[in-house]
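The structure under discussion appears below in the form of structure tokens.
The values are calculated or read from the model by the stated rules, or taken from the named source; none is laboratory data. Note that the structure is predicted; figures quoted are calculated from it, not measured. Here the Cβ is made from the backbone with ideal geometry for all residues, glycine too, and neighbour counts use every protein chain on show. Accessible surface is based on the protein model in full, side chains and every heavy atom, while ligands, DNA and RNA are left aside. Shrake-Rupley method; radii C 1.70, N 1.55, O 1.52, S 1.80 Å.
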Amino acid sequence: MKNEIKRIIISIGMMLSGIIFILGVNNVDTNAALEKGDRQQELVTEKTMKAEKTVETANTIKMASTGKVVKRKGWYTAKSGRKYYYKSDGTPVKNRSYRINGNLYLFSKSGILCTNPGFKTLNGKKYYLKKNGTLAVGYLKIGDDYYYFSKTGVMYRDRWAYARGYKFYFGKDGKRLTDVDEVLGKRSSYYITVNKNTNIVTVYAQDGNKGYTIPVKSFVCSTGDSTPLGTFYTPYRYRWLTLVGPCWGQWCTQIYGNYLFHSVCYNSWNDNNSLDVAEYNKLGTTCSHGCIRLKAGDAKWIYDNCALNTKVTIFSSNEKGPFPKPTVEQLTEGHTWDPTDPDMKYKCKQSGCNHYGKLVPCDMQHLY
């Protein structure tokens, strides 16, 4: 009898445990349903995936605990090591740039995250991937050149962009042009600045009501200790003019008083085959008697394009201008003409020093 009672008690206990277990499971499922809602395609992160066993496909995961098939969400690293990113709706990012937590990334046509730094082309558009794996945005120097990238990382090509208070033009290859004369065409007015400290002349064009914010081109020059500071308006110009020495300059534009823009001096009047080579080779240094010495071609550009009464500001500063300082090719003693003088182009061709194509050393000793 006692044994029978024990068996009954054990049976009742087992039945109660089963009921409690079933109620507990149902209660958990009920609470989960209340919390998550009816989500047959529940989104999960990579952290969730690693927390339990799963059966994975390209875009979905089967959760071992529930048997549900859910979509990916966030970053995912495949066994190959390639990384992917899934948006909040579970769709993968493909064939585009995409911003994640403030950083801009590039994904291939198959959705693979691009990681190798350098220039990238996707759908005919160019991007630049930095070493940290994010895309370049805005105005950026890469190597020796400047580029501009949109908010989505696309390189600007054949278009204008504002940067650092200027309006720059970026060419077919995306590089910033340092001479936009041909892009703009001749303008009715220009503004010229001269930085005595750096010996750089910069010409600006007007950008509507924004003022003279378009750098057109820069010239290397030579100023002098006595070159005046201030703002002036060009009153006269002269094809040839007698300078201190005496020596002579061509393409002269008066700035103020005895101070002018002009070519490097010549040893004979109206003779552009009598260049003072030693003085030409000093371009870019402070060595004039006060005038602004220029290459002949640059002096001619101001003479031809800048109307009288053009505003000129002369200042002294360590700050960099919009464009880098142009270089000066050193001439040999016998090269007695300015290689930028359009009237003397034939001389360079005769002597074999192609200053208008690929620059090569000039050795004129064979002419003597």
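In region 346-356, of all residues being open to solvent by 70 Å² or more (accessible area, probe 1.4 Å) and either closer than 16 Å to residue 249 by Cβ or in a loop (DSSP other than H, G, I, E, B) (or both), the one that is modelled with the lowest pLDDT corresponds to 356.
Screening the candidates 334, 297, 284 for the property of being closer than 23 Å to residue 185 by Cα and either of a type outside the set (Asp, Glu) or without any contact (Cβ under 8 Å) to a residue 40 or more places away in the chain (or both) yields one hit, 297. Looking only at residues of region 77-104 that are under 32 Å from the mean Cα position of the chain (by Cα) and open to solvent by less than 40 Å² (accessible area, probe 1.4 Å), we find that the one that is nearest to residue 123 (Cα to Cα) is 97. Only one entry of 193, 121, 198, 152 meets the criterion of being open to solvent by 20 Å² or more (accessible area, probe 1.4 Å), within 30 Å of residue 226 (Cα to Cα), modelled with pLDDT of 95 or more and not hydrophobic (A, V, I, L, M, F, W, C), and that entry is 198.
For residue 231, the criteria (1) assigned to a helix (DSSP H, G or I); (2) closer than 24 Å to residue 320 by Cβ; (3) not basic (Lys, Arg) hold in every case but one, which is (1).
Residue 233 - would you say it is in contact with a His (Cβ under 9 Å, 6 or more places away or on another chain), open to solvent by 20 Å² or more (accessible area, probe 1.4 Å) and more than 14 Å from residue 298 (Cβ to Cβ)? Considered against the rule, which asks whether it is in contact with a His (Cβ under 9 Å, 6 or more places away or on another chain), open to solvent by 20 Å² or more (accessible area, probe 1.4 Å) and more than 14 Å from residue 298 (Cβ to Cβ), residue 233 comes out as no. Scanning region 128-140 for any residue that is free of Cβ contacts under 8 Å to residues at least 12 places away in the same chain, under 25 Å from residue 176 (Cβ atoms) and open to solvent by less than 20 Å² (accessible area, probe 1.4 Å) turns up nothing.
Residues in region 322-345 that are in contact with an Asp or Glu (Cβ under 7 Å, 6 or more places away or on another chain) and either at positive phi or outside any loop (DSSP other than H, G, I, E, B) (or both): 344 alone. Scanning region 77-135 for residues that are closer than 22 Å to residue 150 by Cβ and among the hydrophobic types (A, V, I, L, M, F, W, C) turns up 93, 100, 104, 106, 107, 113, 114, 119, 122, 129, 135.
Criterion applied to 165, 257, 174 was being more than 19 Å from residue 297 (Cβ to Cβ), at pLDDT 95 or above, out of contact with any helix residue (DSSP H, G or I) (no Cβ under 8 Å at 6 or more places or on another chain) and open to solvent by less than 10 Å² (accessible area, probe 1.4 Å), and the one residue passing it is 174. The residues listed here are 224, 249; of these, the one that is touching a strand residue (DSSP E or B) at 6+ places or on another chain (Cβ under 6 Å), of a type in the set (Gly, Ala, Ser) and either surrounded by 19 or more Cβ atoms within 10 Å (Cβ to Cβ) or not in a strand (DSSP E or B) (or both) is 249. Counting only residues that are over 21 Å from residue 179 (Cβ atoms) and either assigned to a loop (DSSP other than H, G, I, E, B) or open to solvent by less than 30 Å² (accessible area, probe 1.4 Å) (or both), region 281-318 holds 15 of them. For residues that are open to solvent by 50 Å² or more (accessible area, probe 1.4 Å) and in contact with a strand residue (DSSP E or B) (Cβ under 8 Å, 6 or more places away or on another chain), scanning just region 320-345, find the one that is nearest to residue 274 (Cα to Cα). Checking each candidate, the answer is 327. Applying a threshold of 6 Å to beta carbon distances and a minimum spacing of six or more residues, or different chains, the list of pairs starting in region 86-97 at a residue that is under 9 Å from residue 72 (Cα atoms) and ending at one that is open to solvent by 80 Å² or more (accessible area, probe 1.4 Å) and among the charged types (D, E, K, R) reads 86/73.
The set of residues in region 260-273 that are assigned to a loop (DSSP other than H, G, I, E, B), buried (at least 16 other Cβ atoms within 10 Å of the Cβ) and in contact (Cβ under 8 Å) with a residue 60 or more places away in the chain comprises 264, 272.
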